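Okay, structure first, notes after.
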Amino acid sequence: MSMLAAAPELSFTELRDALAMTDGNLTTHIRALQQEGYVAVAKSFQNRRPLTTCSLTAAGRKAFAEYINLLEQIVRQTKK
Amino acid sequence: MQSNHMETNWAEENLQTIRTLMERSALYRRALAPIMLFAGSLGSITAAAGLVFHLDSGRAFTGLWFGAAIVVVAGAFLIARRQALKDNEPFWSPPTRRVAQALLPPLTAGMSVVLIFTLAGFEGGFVRVLAFLWAIFYGCALHAAGFFMTRGMKVFGWIYIGIACGALLFLAFTNTDLVLSAHWLMGFFFGVLHLAYGAYLYLTEKGKNAA
């Protein structure tokens, strides 16, 4: 989610390589997020090769922002 | 204790980095289809009014379309604000600010250039050139804003620039006399094209939601 929040969209291979995950492992995570409506997956072709890109939906962006807010609150409380 | 404090600072810095990256990458997605449809409808009505009432002099033409532009901007502002309130989001968000900053210079330049030519008293066939100039600057504005919006916006900007420049070059090199009223040109650029793009956005958004 952090990676997708920092970019308009990322390809499946970019996510897999950056997170050092296997194809199956990443697919499971993306599927779970997709089912919750947080991630949108688009399939297209680039240079005649299939390209899968992922992006955060509006709901996903909102949920992630709330998550970041919560973490920041926890850190502030801890500092006190 | 010191280790705990250092970890808290580390957490805070990382969260700040995530937040900054998140805000920088966020695209403006708010209410594009309704805004385009509103702008297209008003553009078509304004063109019809210009034709019906024969507002063909430079000053009448510029005054009419300046007025329409002000109404469109105000309407777009209200539509975007309504959606922001509905989604419980701040209206003046970082993506909205970036889009506004990108739009301002080319729109200001376009308005100024047309105003200068109008005040200088250019009339007759030159009024049609004003329509093309407006379309070119508007296309530049859309393209600039497109860096912070959905992909189609840059292409939409290029459509304006391409058609207007192409038409001007054609008229200049072929020495063709364009008999069409400038209001027809404005109706096409700011009526038909907006309506077409708004319909495209609305239908593709509907398709995504259905999927």
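No value in this document is a laboratory result; all are computed from the given coordinates. Since we're looking at a predicted model, the values are computed, not measured. In this analysis, Cβ positions are derived from the backbone assuming ideal geometry, glycine residues included, and neighbour counts consider all displayed protein chains.
Annotations for the structure displayed:
- In this Cβ point-charge picture (+1 for Lys and Arg, -1 for Asp and Glu), the stretch A:2-79 has a dipole of about 80 debye about its Cα centre.
- A DSSP coil position with no more than 11 other Cβ atoms inside 10 Å describes the following trypsin sites (Lys or Arg not before Pro) in the stretch A:1-59: A:R48.
- Couplings 3J(HN,Hα) for the stretch A:2-11, derived from phi with the Karplus relation 6.51 cos²θ - 1.76 cosθ + 1.60 (θ = phi - 60°), are 4, 5, 5, 5, 8, 9, x, 7, 9, 7 Hz, where x marks Gly and Pro.
- Average beta carbon contacts from partner chains per residue of A:50-60, 10 Å cutoff: 1
- Among the GluC sites (Glu not before Pro) within chain A, those in coil by DSSP and having at most 13 neighbouring Cβ atoms inside 10 Å are A:E36.
- Relative contact order of chain B, defined on C-alpha pairs under 8 angstrom at six or more residues apart (%): 33
- Hydrodynamic analysis of chain A uses the Kirkwood radius over alpha carbon pairs. Inserted into Stokes-Einstein at 4 °C and 1.567 mPa s, it gives a translational diffusion coefficient of 94 µm²/s.
- Candidate aspartates and glutamates for bridging to A:K79, where Cα separation is under 15 Å - those fewer than 8 sequence places away on the same chain excluded: B:E7, B:E12, B:E13
- Per residue, the convex hull spanned by the Cα atoms of chain B measures out at 157 cubic angstrom.
- Signed unit charges on C-beta, dipole axis of the protein assembly as shown, positive-most listed residue B:P105, B:L85, A:G24: A:G24
- Taking the square roots of five times each eigenvalue of the Cα gyration tensor of the protein assembly as shown, the equivalent ellipsoid has semi-axes of 46, 22, 17 Å, listed largest first.
- Ellipticity estimate at 222 nm from DSSP helix runs (n ≥ 4, -39,500 (n - 2.57)) divided over chain B, nearest 500: -27500 deg cm²/dmol
- Cleavage-rule hits (chymotrypsin sites (Phe, Trp or Tyr not before Pro)) in the stretch B:77-167: DSSP loop, at most 15 neighbouring Cβ within 10 angstrom: B:F91, B:W92, B:F122
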